[in-house]
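Data first, discussion second: the structure below is written as structure tokens.
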Protein chains: 2
Amino acid sequence: MSEARTEFSVVGKRIPKLDAAQKAMGRAEYIQDKKIPGMLYGRILYSKYANANIIKIDTSKAKALPGVHAVLTGEDVPPKMKMGFIKDNPPIKKDRVSSFRDEVAAVAAISPEIAGAALSLIEIEYEQLPGVFDPEKAMEKESPLVHQHLKSNVLKMPWDIHYGDVEKAEKESAFVVEDRFTTTWVTHCCLGTSGAIALFDAANNLTIYSNTQIPSLAQKDFLEALKSMGIENKRVRVIKPIIGGGFGSKLDTYAYEHIAILLAHKCGKPVKITFDRVEEFKATSTRQPTVIYIKQGCDKNGKLTFRDMRMVLDNGAHTSWGATTPSVMLMPISSLYRVENVKYVAKCVYTNNTYSQAMRGYGNPQATFAIESSIDMLAEKAGIDRIEFRRINKNQSGDETPQGLKITSCGLSECIDAVEKEMNFVDKKEKGVGTGIASLIHVGGGARIYGSDGCGAILKMDDYGKVDIFTGGTDMGQGLDNITAQIVAEELGLGAEDINVVHSDTDICPWDVGAHASRSTFVAGNAALGAAKEVKKKLQKFASKILDAPADEIEFKDKLVFVPGDPEKSMPIGKLLRKAHFSPNGTMFMADYFYDPDNQNMGNKLKGNMSMTYSFGAHGAKVRVDEETGKVEVLEYVAAHDVGKAINPLLLEGQVYGGVIMGLGYALTEEVILKEGENMNANFRDYKLFTAKDAVKIKAPVIETDDEDGPFGAKGIGEPGCVPTAPAIANAIYDAVGVRIKNLPITPEKVLAALQEKKKRPAN
Amino acid sequence: MSEARTEFSVVGKRIPKLDAAQKAMGRAEYIQDKKIPGMLYGRILYSKYANANIIKIDTSKAKALPGVHAVLTGEDVPPKMKMGFIKDNPPIKKDRVSSFRDEVAAVAAISPEIAGAALSLIEIEYEQLPGVFDPEKAMEKESPLVHQHLKSNVLKMPWDIHYGDVEKAEKESAFVVEDRFTTTWVTHCCLGTSGAIALFDAANNLTIYSNTQIPSLAQKDFLEALKSMGIENKRVRVIKPIIGGGFGSKLDTYAYEHIAILLAHKCGKPVKITFDRVEEFKATSTRQPTVIYIKQGCDKNGKLTFRDMRMVLDNGAHTSWGATTPSVMLMPISSLYRVENVKYVAKCVYTNNTYSQAMRGYGNPQATFAIESSIDMLAEKAGIDRIEFRRINKNQSGDETPQGLKITSCGLSECIDAVEKEMNFVDKKEKGVGTGIASLIHVGGGARIYGSDGCGAILKMDDYGKVDIFTGGTDMGQGLDNITAQIVAEELGLGAEDINVVHSDTDICPWDVGAHASRSTFVAGNAALGAAKEVKKKLQKFASKILDAPADEIEFKDKLVFVPGDPEKSMPIGKLLRKAHFSPNGTMFMADYFYDPDNQNMGNKLKGNMSMTYSFGAHGAKVRVDEETGKVEVLEYVAAHDVGKAINPLLLEGQVYGGVIMGLGYALTEEVILKEGENMNANFRDYKLFTAKDAVKIKAPVIETDDEDGPFGAKGIGEPGCVPTAPAIANAIYDAVGVRIKNLPITPEKVLAALQEKKKRPAN
């Protein structure tokens, strides 16, 4: 759909987030603000143990508390109401709990305080059982089973891939490196905590306000929930209020939503459940902790010969989308740099820990941490400059990778150039200072991980040239509202302020698979552009009669409809619209469009072109390591990305800055500490969220490669900012002080220990 | 668009109002229920006099009251902010008040109580002036001028019509009758009182929740209001909550809406204004009181020869749509029964009374009261049975009336037959019992009183065969939601419960001129049908490939897509939809349609076919008159209507029953009593609203004439129920006791006085 245009009126402009003022002035209505007359407040009771049998629950005292409308236990949950990717998780557990996060009861009351008091009146007798908290241990035969009815803690998943011939390639390699890396739990830390309000109308149709990134898929989940409750052939309306961050955390439906539905139905009143910060830390999902074994080789010229990776993921006690991240990890494993022979085995393992979920990058940060750390080690072993090494192996337009990814536009080379230009990789003026680089590949043109990767858009114009567009795409703060408005405005010759973007309401907005995989600018952008083109065609046809000119010669700019070069043939668009509207048999202009990319569902063999295009990037970091304390200070950071086309550079930079900061937290400080499954640091301070105070100045060169399928050439860039950050930092630390930290986060303790270890080692 | 179909699955079914249970269970959110965080409450201070100069306003005490956020007077209203049909009415008056209803100040405070207290602290010094309260007096030269800057109290309007040659026809007539009729103020008595909430976003875009029948035209008014405030190029979103009755009362924008906007802008907070019942009576508009002079003649065979009518309307102090009712009165005057020669002069006159507004029938009940009373008198004079007389002159398909109305489908004759069949007009078993009949013509296929008579619809389907349709049409309790759902369901072979009708939100719903002129079933119905046909075409095209059959052979019924007669070629619609959706390059089905009828704007000569079709009806009443008390009891009532096609007979009957009850109130009891402009009976009891207790059993035969332009043959029937009720009752009273009451309402006092007067008269 590329226009190969060079002149733009609205696209490419730094237009502030359309709802920025609303949010800054405190006028945005978050789920916390929303009240519905008659609304009750729900609260959830969680397990006291990581693994236990529930012997007895006595809710009589809770039920007797004045103001309590309902108390639910596992007995009240329809047997078929299950959540998650493989539907292994009932919203309230009945006989057995498998993690501290497991829900055991829920209450609805006239105030959150009374609901809380009622929870404390629920008496539960448990029989505590030994748990398993390490995924590699959980794979051992003698390990306790998290789910008794399954014969193994290892999930049945298809990741045992072999492209080319890795054994042969290894034998023929000049240099080979091999190592083990680990990453731990981190979490999204959305500033807006989770919440939902469920209400039924008199006909048992459900409306649910929920902090979700997937209104359409959530609608499907809730339809199934209703079905499990015996409510069939009814409607579900999902409305996503303004949310304070998503980052993948809201890519599934959760217990609190299902419990709100059950309570609302039981009470015949709206029921709201919102999390406080502690609950947000303890009862929402994390990024998957991974144990990664990697071996890579190259020939004597530095050309990569093979990559062999084995991965063990901690799934936690239940299964959500996090369990599918190995499919996305496959992308960098198979396709970051040209490498013909690839082997990849991943195992996702049940433990009695919290269960994991999608998080920005969806496995890519974990995989790229290992790959790009290992690439530096391999380059060093081969005696080739690390940047040169990457150039030798860079992806290029026209490539098809072993996995079957078709590389169309590709600016990886330019990204590496830009990082090198912005940061001096050679001169180290100070002791303890070093530089690092790491690259990334990510889906940039959708990702067919579901039957449809599509998005619909509907558009209508008023009598003055204002547009309402209903998009399936979900703005969750990332700026899809601006992107949509700018694309439509550009196409119709209007201003962004003329475009009203309606999103996140399944009654109004067409279907969309959800805000994930950095797909919204590309897919929802193409849907919006498609609708704009449709309406433009209709406008041209009508204007053709009015301006007495061929339809295809009529252009739109600055709110004018005109024939270029013929000043007589020009009319304000509002006038044209009113001319069409205000006469017998009049008309107004509307259009719809459904865009579904022509990308491939990889299937069980995990081969196929999962995205229409891929985003590339290279990050460079300069750090100073305090050898006394092990503390790492980031001095400079460059994050160059191939974005196809920057629809809005201001928001794009915001995405990149935010991604890098998230990546720095992942690299250096952030960690959910679980002790035998129990959260030990459920607050921002002890979690060590990377804050504004910790932030560094980031340079974000933008490489535009005009992708032929992207809307005005754009590709997705929502996730990449956090993908190669950890290895860039790890590589810079190694460059600075010669120690390689292989376990995230790279805390001062780990650096100091490594430095001390290094001192003990004899120099080679 | 007629289908000339005889078999229907959903159309024609008695499906209860889709939101009935919500309303019955108290879950419907009316404007009174709606709360927005931070919302303030506005209240309005009205004039103490019918006509006065404002010498001084002191708001200092009101402003000093804790909790008061703003106090407005006429000084705070932008000079260009004017309301009404000819923009003669600022929302707060400055130097002069012209009616008791005139707004002189307004307050916003943190509670309605504080706002009320603040009103009582506003000190105003008036100079009282003599007023004029009778429209005929107001036409006299020496009468005080309501608006000083105008040279006359008579509005400049075009109603001086002469079709044919009335003078000649009168001379040639065998029989002529002539009389004077009057009607007084009645009001809509909506059970939901008026109200609005205005709020601005950070960018000065306005959202206004308002009880309106005209979301799109209100949006235009409010855009102009913003412009007058210096706020240009912003968006206005009008959302109509569920409203408790419209009946024409909400066909304009009002002071309370403009004041809410001014207060919300001044305070930077949402401001809500709702009326209590007293305010609803005193500060909302009435039906136009009229003085009607009518002369009609017929030849010796009873064929009408001419109709000559002169009308004086009390406009009140300001001008709203009520002032245009003479244009609609022209319809029965020119076109109820065949009459070639018509003269019509109407004058709309300013007085210091409350100003009038559209009300169900829009002038037609007033005109028809005079016409149909006079028809009975003429029939009697000519010695022809009153029913026979009507048959002689009945309208017929193919007629073009003097005004230029093109009579397409016409069931007047069948309506008269049905009334005669249902009610015995001949036998009078009791003393004081009599029967009466009266007919009606009304617009039934839109009414082009504005540049566009159009309505848009947008439709989308999900993966299971559920539909969301956004209609421009406004459901205000009359049942447009059902009508829309049934039409769409019929066309797509679905159930009404599968169709979700979204209406009354200008951001979401396409444009529509408003819920007036009984146009919604016809115009919004055709828009919905058009969108359904569009989407059906797309579905057929796709199904053609799947079922391997020509697209036009594929039909839709019972949620199946199939080729009739070929059982192999059949598929559940949900399956078809999912087949289309869930594959690369997939699609979903959406469509839009804008329907604007091909009817004519009458222009200044008031000639043209204002509607695509016309509804007809005949009402029969049997009454008993108590000659001791003058009290009239309605014993039987038959209301037969030509509705084209009953999309939903249950709701249709509801419309007719409601119309007749409203008409009976108009005929017998209801009256706003103004004493020198001041409301004397601002409550239901003293207003004598016709209540459920007063209701009579109504038979409502439905005549279906399958209109060729109506959706599935339907025409509009919202207003007709109350049009011929008063003359049917008046004619029955005359039949019962020989007195003709020419002034509405026909109170026992008037009947008794007439009976006494009759006794005094020598028998002739």
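The values are calculated or read from the model by the stated rules, or taken from the named source; none is laboratory data. Just so it is clear, the structure is predicted and the values come from calculations on it, not from any experiment. Cβ sites come from the backbone with ideal geometry, for glycine too, and all protein chains shown count toward neighbours.
Any chance segment A:564-576 includes a residue that's surrounded by 24 or more Cβ atoms within 10 Å (Cβ to Cβ) and away from chain B (no Cβ under 14 Å)?
The answer is no, given that none of the residues of segment A:564-576 is surrounded by 24 or more Cβ atoms within 10 Å (Cβ to Cβ) and away from chain B (no Cβ under 14 Å).
Just name the residue that is farthest from the chain's Cα centre (by Cα) out of those in segment A:22-60 that are more than 23 Å from A:Ser194 (Cα to Cα) and of a type in the set (Gly, Ala, Ser).
Checked segment A:22-60; the qualifying residue farthest from the chain's Cα centre (by Cα) is A:Ser60.
Which of the numbered conditions does A:Ala736 fail, given that it passes all the others? Conditions: (1) surrounded by 23 or more Cβ atoms within 10 Å (Cβ to Cβ); (2) within 23 Å of the chain's Cα centre (by Cα); (3) closer than 30 Å to A:Lys758 by Cβ; (4) not polar (S, T, N, Q).
Looking at each condition in turn, A:Ala736 falls short on (2).
Output the residue which, of all residues in segment A:171-213 that are assigned to a loop (DSSP other than H, G, I, E, B) and without any contact (Cβ under 8 Å) to a residue 24 or more places away in the chain, is farthest from A:Gly244 (Cα to Cα).
Across segment A:171-213, the extreme among qualifying residues is A:Ala202.
Could you list, in sequence order, all residues of segment B:384-409 that are in a loop (DSSP other than H, G, I, E, B), at negative phi and touching a Lys or Arg at 6+ places or on another chain (Cβ under 8 Å)?
B:Lys394, B:Asn395, B:Gln396, B:Asp399, B:Thr401, B:Gln403, B:Ser409
Take the conditions touching a helix residue (DSSP H, G or I) at 6+ places or on another chain (Cβ under 6 Å), surrounded by fewer than 24 Cβ atoms within 10 Å (Cβ to Cβ) and not hydroxyl-bearing (Ser, Thr, Tyr) and apply them to A:Asp463. Does it pass?
Judged against the criteria, A:Asp463 is a match.
Taking the residues in segment A:598-611 that are crowded, with 19+ Cβ neighbours inside 10 Å and more than 7 Å from chain B (Cβ to nearest Cβ) as candidates, determine which candidate is nearest to A:Cys509 (Cα to Cα).
The residue in question is A:Ser611.
Test each condition in (1) touching a helix residue (DSSP H, G or I) at 6+ places or on another chain (Cβ under 6 Å); (2) of a type in the set (D, E, K, R); (3) within 14 Å of another protein chain (Cβ to nearest Cβ) for A:Arg235 and report the one that comes out false.
The number of the failed condition is (1).
Pick out the one residue from B:Tyr657, B:Tyr614, B:Tyr593 that is modelled with pLDDT of 95 or more, within 30 Å of B:Asp453 (Cβ to Cβ) and within 14 Å of chain A (Cβ to nearest Cβ).
B:Tyr593
Can you work out which of the residues in segment B:490-507 that are surrounded by 24 or more Cβ atoms within 10 Å (Cβ to Cβ), in a loop (DSSP other than H, G, I, E, B) and of a type outside the set (Gly, Ala, Ser) is farthest from the other protein chains (Cβ to nearest Cβ)?
Step by step, filter segment B:490-507, then rank; the result is B:Leu494.
Kindly indicate the residue of segment B:466-483 that is of a type in the set (A, V, I, L, M, F, W, C) and over 15 Å from B:Asp505 (Cα atoms) and also surrounded by the most Cβ atoms within 10 Å (Cβ to Cβ) among those meeting that condition.
Looking at residues that are of a type in the set (A, V, I, L, M, F, W, C) and over 15 Å from B:Asp505 (Cα atoms), I get B:Ile483.
Could you tell me which of the residues A:Gly456, A:Gly525 is away from chain B (no Cβ under 11 Å), surrounded by 24 or more Cβ atoms within 10 Å (Cβ to Cβ) and either touching a Cys at 6+ places or on another chain (Cβ under 9 Å) or not β-branched (Val, Ile, Thr) (or both)?
The match here is A:Gly525.
Any chance segment B:142-154 includes a residue that's in a loop (DSSP other than H, G, I, E, B), touching a Phe, Trp or Tyr at 6+ places or on another chain (Cβ under 7 Å), touching a residue at least 12 places away in the same chain (Cβ under 8 Å) and surrounded by fewer than 17 Cβ atoms within 10 Å (Cβ to Cβ)?
yes
Tell me, which helices (runs of 4 or more DSSP H) wholly within segment A:10-126 include 2 or more residues that are farther than 20 Å from A:Phe275 by Cα?
In segment A:10-126, A:20-24, A:60-64 are the helices (runs of 4 or more DSSP H) which contain 2 or more residues that are farther than 20 Å from A:Phe275 by Cα.
Where residues in segment A:441-453 are β-branched (Val, Ile, Thr) and surrounded by 24 or more Cβ atoms within 10 Å (Cβ to Cβ), which of them is nearest to the other protein chains (Cβ to nearest Cβ)?
The extreme case among them is A:Val443.
Yes/no per residue for (1) buried (at least 20 other Cβ atoms within 10 Å of the Cβ); (2) more than 14 Å from chain B (Cβ to nearest Cβ); (3) aliphatic (A, V, I, L, M); (4) farther than 30 Å from A:Ser409 by Cα:
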{"residue": "A:Lys23", "(1), (2), (3), (4)": "no, no, no, yes"}
{"residue": "A:Gln32", "(1), (2), (3), (4)": "no, no, no, yes"}
{"residue": "A:Lys35", "(1), (2), (3), (4)": "no, no, no, yes"}
{"residue": "A:Ile55", "(1), (2), (3), (4)": "no, yes, yes, yes"}
{"residue": "A:Lys61", "(1), (2), (3), (4)": "no, yes, no, yes"}
{"residue": "A:Ala64", "(1), (2), (3), (4)": "no, yes, yes, yes"}
{"residue": "A:Pro91", "(1), (2), (3), (4)": "yes, yes, no, yes"}
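On the given criteria, is B:Thr506 in contact with a Ser or Thr (Cβ under 7 Å, 6 or more places away or on another chain), touching a residue at least 12 places away in the same chain (Cβ under 8 Å) and either polar (S, T, N, Q) or within 18 Å of B:Lys17 (Cα to Cα) (or both)?
For B:Thr506, the condition - in contact with a Ser or Thr (Cβ under 7 Å, 6 or more places away or on another chain), touching a residue at least 12 places away in the same chain (Cβ under 8 Å) and either polar (S, T, N, Q) or within 18 Å of B:Lys17 (Cα to Cα) (or both) - is met.
What about A:Leu217, is it in a helix (DSSP H, G or I) and under 19 Å from B:Arg27 (Cβ atoms)?
Taking the combined requirement at face value, the residue does not satisfy it.
Would you check if A:Lys266 is surrounded by fewer than 20 Cβ atoms within 10 Å (Cβ to Cβ), closer than 24 Å to A:Gly74 by Cβ and within 12 Å of chain B (Cβ to nearest Cβ)?
Criteria not met by A:Lys266.
Check segment B:329-345 and report whether any residue there is among the small types (Gly, Ala, Ser) and in contact with an Asp or Glu (Cβ under 8 Å, 6 or more places away or on another chain).
no
Residues to consider are A:Leu251, A:Leu191, A:Leu217; find the one that is within 21 Å of the chain's Cα centre (by Cα), farther than 20 Å from A:Ala106 by Cβ and crowded, with 24+ Cβ neighbours inside 10 Å.
After applying the criteria, what remains is A:Leu251.
As an exercise: evaluate B:Ala202 against (1) within 14 Å of chain A (Cβ to nearest Cβ); (2) touching a Cys at 6+ places or on another chain (Cβ under 8 Å) and give the number of the one condition it does not meet.
(2)
Could you list, in sequence order, all residues of segment A:223-232 that are part of a helix (DSSP H, G or I) and within 13 Å of chain B (Cβ to nearest Cβ)?
Result: A:Leu223, A:Glu224, A:Leu226, A:Lys227.
Output the residue which, of all residues in segment A:508-522 that are within 11 Å of another protein chain (Cβ to nearest Cβ) and farther than 16 Å from A:Ile242 by Cβ, is surrounded by the most Cβ atoms within 10 Å (Cβ to Cβ).
The extreme case among them is A:Asp512.
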